Structure formats: C-alpha cells, structure tokens
Amino acid sequence: MPFSLPATDGSTVSTDQFADRAVMGIVFWCNHCPYVKAWEDRMIAVQREYAGRGVQLVMVSSNDPVAYPDDSFEAMRSHAQKKAYPFPYLFDESQQVARSYGATRTPEVFLFDRGRVLCYHGAPDDNFERPEAVASHYLRDALDALLAGRAPGEATTPPKGCTIKWRP
C-alpha cells in the first residue's frame, strides 16, 4: 500500500523511495504512548543495526493532534530531532494510511519483503517493559529470516500498545 506523507525533516517521503530495500517496515508510532517510549531505543537500534543490510523502517504517526497535542507535527519534529531518529518519521494527518493498513495500535509493525508482501505483523518483541527480559525478538527474528530468504517463523503476534487516537 504505497503512500507519500510529510516527514519531520521537512521532506515528503514516499514508500516508493525505498523500492531498492530488501525489507521495509511500516511502524505506526507516536510521541506520547508509553509503549512507544519503552520500545523507542530498541527500534532505533534495530534501524541502525540493519540499515546496512537493506532494511528500512518508516515510522508513521496517525494520532489526532487536537486530542493529543504531544503528537502534533511540531512535537514530532522536535522529538525526532532530540532522539536523532535514523528513520523517517511521517505525519498521517488524514489518518488514511493507518486505515488502509488496518492499524489499531502504537507501536504496530508491518514488515514487508522485497516484493512488498506482508511477512510479519505485530509487536517488536515480547516485553516492552524490560528489554533485558525479552525472550522473543519478533521483529529481529523476522528481519533475520527475510534477509536469509526465509519466511519468518512467526508471521503474526498481537500488537501491544496504545490505541490509535482517531479523529471524531
């Protein structure tokens, strides 16, 4: 499901820009969610670790910024800069991208292979609260499988996080 959205760096980013990447992850994200905050440094590490292997994560915030000012485009810009995000952080103001993907939570990972077939959907791992206690690295395992030319062992896990804040 291709799309083009404004990015926090001032550009407009399209999924087509990453056609050469072996794997692309669309991750529904936001600033205020405690689950996103808990997984944030791990997701930054995943992008940095896997970028050289042809992986591109793209974060998309679809939350209503009127109801949640911490998720406004300006707040997104400030946060992305503060955290030195190694991935694009995009604003889905119309919420159409989230709807087209069927996203319901933040964070929620949609991982696509080179042919842009959905190969993994769900949570980054099995323990948002304690990184040292993670037993199942869902996203990393799926990335490793796809990069090795295999299907992920687990194609779906329940996304765990805050609900997307829909406009009234």
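The values are calculated or read from the model by the stated rules, or taken from the named source; none is laboratory data. The model shown is predicted, which means the values in this text are computed figures rather than measured ones. Please note: Cβ atoms are built from the backbone with ideal geometry, for glycine as well, and neighbour counts cover all protein chains shown.
Below is a table of values for the structure above.
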read-out	value
Selection from region 41-54 of residues that are of a type outside the set (A, V, I, L, M), closer than 20 Å to residue 130 by Cβ and buried (at least 16 other Cβ atoms within 10 Å of the Cβ)	42
Residues (surrounded by fewer than 19 Cβ atoms within 10 Å (Cβ to Cβ), under 25 Å from residue 21 (Cβ atoms) and either without any contact (Cβ under 8 Å) to a residue 12 or more places away in the chain or in contact with a Lys or Arg (Cβ under 8 Å, 6 or more places away or on another chain) (or both)) located in region 115-133	115, 117, 118
Selection from region 41-55 of residues that are under 13 Å from residue 88 (Cα atoms) and outside any helix (DSSP H, G or I)	55
Cβ-Cβ under 9 Å pairs, at least 6 apart or on other chains, region 82-104 side under 17 Å from residue 37 (Cα atoms), far side surrounded by fewer than 16 Cβ atoms within 10 Å (Cβ to Cβ) and of a type in the set (A, V, I, L, M, F, W, C)	86/51; 87/51
Qualifying residue in region 16-30 (condition: more than 14 Å from the chain's Cα centre (by Cα) and of a type in the set (Gly, Ala, Ser))	yes
One residue from 76, 1, 24 being at pLDDT below 95 and touching a Phe, Trp or Tyr at 6+ places or on another chain (Cβ under 8 Å)	1
Complete set of residues in region 7-40 that are part of a helix (DSSP H, G or I), surrounded by fewer than 16 Cβ atoms within 10 Å (Cβ to Cβ) and in contact (Cβ under 8 Å) with a residue 12 or more places away in the chain	16, 34
Filter result (over 12 Å from residue 27 (Cβ atoms) and crowded, with 22+ Cβ neighbours inside 10 Å) within region 56-79	63, 71, 76
Unmet requirement for residue 58, which otherwise passes all of (1) closer than 19 Å to residue 38 by Cα; (2) part of a loop (DSSP other than H, G, I, E, B); (3) not basic (Lys, Arg)	(2)
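The rows are residues; the columns are (1) touching a helix residue (DSSP H, G or I) at 6+ places or on another chain (Cβ under 8 Å); (2) hydrophobic (A, V, I, L, M, F, W, C).
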position	(1), (2)
60	yes, yes
63	yes, no
67	no, yes
76	no, yes
80	no, yes
88	no, no
98	no, yes
118	no, yes
122	yes, no
